[in-house]
Amino acid sequence: MTDDLDRLKTEYADRARHLAGSDIYSMLNPANLFIIHSRQRAMVNALRIHGMTNLTQSRIMELGCGAGGVLAELMSLGARPHHLFGVDVLPDRLFGAQAATGLWNLACADGRSLPYTFQGFDLVLQFTVFSSVLDDAVKAHLAEEMLRVAHPNGLILWYDFWLNPTNPQTRGIRPAEIKRLFPECIFAFQKITLAPPIARRVVPVSWGLAYWLESLRIFNSHYLVAIRPKGE
Ligand SMILES: C[S@@+](CC[C@H](N)C(=O)[O-])C[C@H]1O[C@@H](n2cnc3c(N)ncnc32)[C@H](O)[C@@H]1O
């Protein structure tokens, strides 16, 4: 992992340099707003199907929380700060997450060894972490840990892309691999997110056209997957 971690740190430092001054991941960027809104609709759909219509009592953990964008979204959906936990391996990301969310339950740790003996999170999330990991053994460990800390009747939410031909530092993950990573679980896949390069061109011209293209699903780059452990 040390090698992969070093690679990851270099990769994120490069991305930060490359994106300095850019607003592509800002909610004030219409294409990004479009992408986040569509993901939120899919998330709400997945949560409701699994009976999670109220998050105030839910204990939630995000592996690879980065700068806290998803944790903030969960608070906007009603999750309570004292029940929200985030883990990331990069300290500067966690400082950003703390500043953005005000949350304190943030841990700097490798997701292969989550710092929780607690095994009862109602919701465990990973959003675009696995696609940054190139080592299959590391991915398997991360998935094992997510399963370990999830309540047997809880839910794991996966959001990641299945194809990204432009960045060799990432690898898209398809449904068959997701199924292998979480053996004996039950899966519900939603193919979402109009591929960001397309969204960035279309959304400023027409939100309606972007919605229509996304509804076709052939240009969608990510899967949101609801993963249910075997249960008790
Ligand atoms: C693309 S960012 C996504 C951040 C956040 N989930 C979001 O969607 O905004 C991926 C994050 O995963 C973290 N990460 C990658 N490998 C990790 C590992 N083994 N343990 C913990 N965090 C990891 C990275 O440091 C990075 O902050």
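The values are calculated or read from the model by the stated rules, or taken from the named source; none is laboratory data. As the structure is a computational prediction, the values presented were derived from the model and not from experiment. Neighbour counts run over all protein chains shown; Cβ positions are idealised from the backbone, glycine included.
Remark: pairs (first residue in the range 1-29, hydrophobic (A, V, I, L, M, F, W, C); second residue part of a loop (DSSP other than H, G, I, E, B) and within 12 Å of the ligand (Cβ to nearest atom); Cβ separation under 7 Å; 6+ apart in sequence or on different chains) = 1/110; 5/89.
When each of 186, 178, 227, 192 is tested for being touching a Leu at 6+ places or on another chain (Cβ under 6 Å), touching a residue at least 12 places away in the same chain (Cβ under 8 Å) and not charged (D, E, K, R), the lone residue that passes is 192. The residues in the range 161-190 that are closer than 15 Å to residue 131 by Cβ and of a type outside the set (Gly, Ala, Ser) can be counted, and the count is 17. Condition check: within 11 Å of the ligand (Cβ to nearest atom), assigned to a helix (DSSP H, G or I) and surrounded by fewer than 21 Cβ atoms within 10 Å (Cβ to Cβ). Does residue 93 satisfy that? Considered against the rule, which asks whether it is within 11 Å of the ligand (Cβ to nearest atom), assigned to a helix (DSSP H, G or I) and surrounded by fewer than 21 Cβ atoms within 10 Å (Cβ to Cβ), residue 93 comes out as yes.
Please go through the range 69-90 and give me each residue that is among the small types (Gly, Ala, Ser) and more than 16 Å from the ligand (Cβ to nearest atom), ordered by number.
Once the filter is applied, which keeps residues that are among the small types (Gly, Ala, Ser) and more than 16 Å from the ligand (Cβ to nearest atom), the range 69-90 yields only 78.
The single residue among 12, 25 that is at pLDDT below 95, of a type outside the set (S, T, N, Q), within 16 Å of the ligand (Cβ to nearest atom) and within 30 Å of residue 78 (Cα to Cα) turns out to be 25.
Checking the range 173-185 against the condition returns a match, with at least one residue being away from the ligand (no atom under 11 Å from the Cβ), modelled with pLDDT under 95 and either touching an Asp or Glu at 6+ places or on another chain (Cβ under 8 Å) or farther than 17 Å from residue 88 by Cα (or both). Taking (1) at pLDDT 95 or above; (2) part of a loop (DSSP other than H, G, I, E, B); (3) more than 15 Å from the ligand (Cβ to nearest atom) in turn, residue 66 satisfies each apart from (3). For residue 38, indicate whether it is part of a helix (DSSP H, G or I), of a type in the set (Ser, Thr, Tyr) and farther than 19 Å from residue 149 by Cβ. When the stated conditions are applied, residue 38 passes them. Among the candidates 160, 135, the residue that is surrounded by fewer than 17 Cβ atoms within 10 Å (Cβ to Cβ), within 14 Å of the ligand (Cβ to nearest atom) and under 21 Å from residue 89 (Cα atoms) is uniquely 135.
Here residue 46 passes the criteria (1) of a type in the set (Gly, Ala, Ser); (2) crowded, with 17+ Cβ neighbours inside 10 Å; (3) part of a helix (DSSP H, G or I); (4) within 14 Å of the ligand (Cβ to nearest atom) except the one numbered (4). The residue that is farthest from the ligand (Cβ to nearest atom), counting only those in the range 49-63 that are of a type in the set (Val, Ile, Thr) and not in a loop (DSSP other than H, G, I, E, B), is 49. Annotation: of all residues in the range 96-127 being under 16 Å from residue 229 (Cβ atoms) and under 17 Å from the mean Cα position of the chain (by Cα), the one that is surrounded by the fewest Cβ atoms within 10 Å (Cβ to Cβ) is 122.
Of all residues in the range 102-120, those satisfying the criterion of being within 16 Å of the ligand (Cβ to nearest atom) and without any contact (Cβ under 8 Å) to a residue 60 or more places away in the chain are 103, 105, 106, 107, 108, 109, 111, 113, 114, 115, 116.
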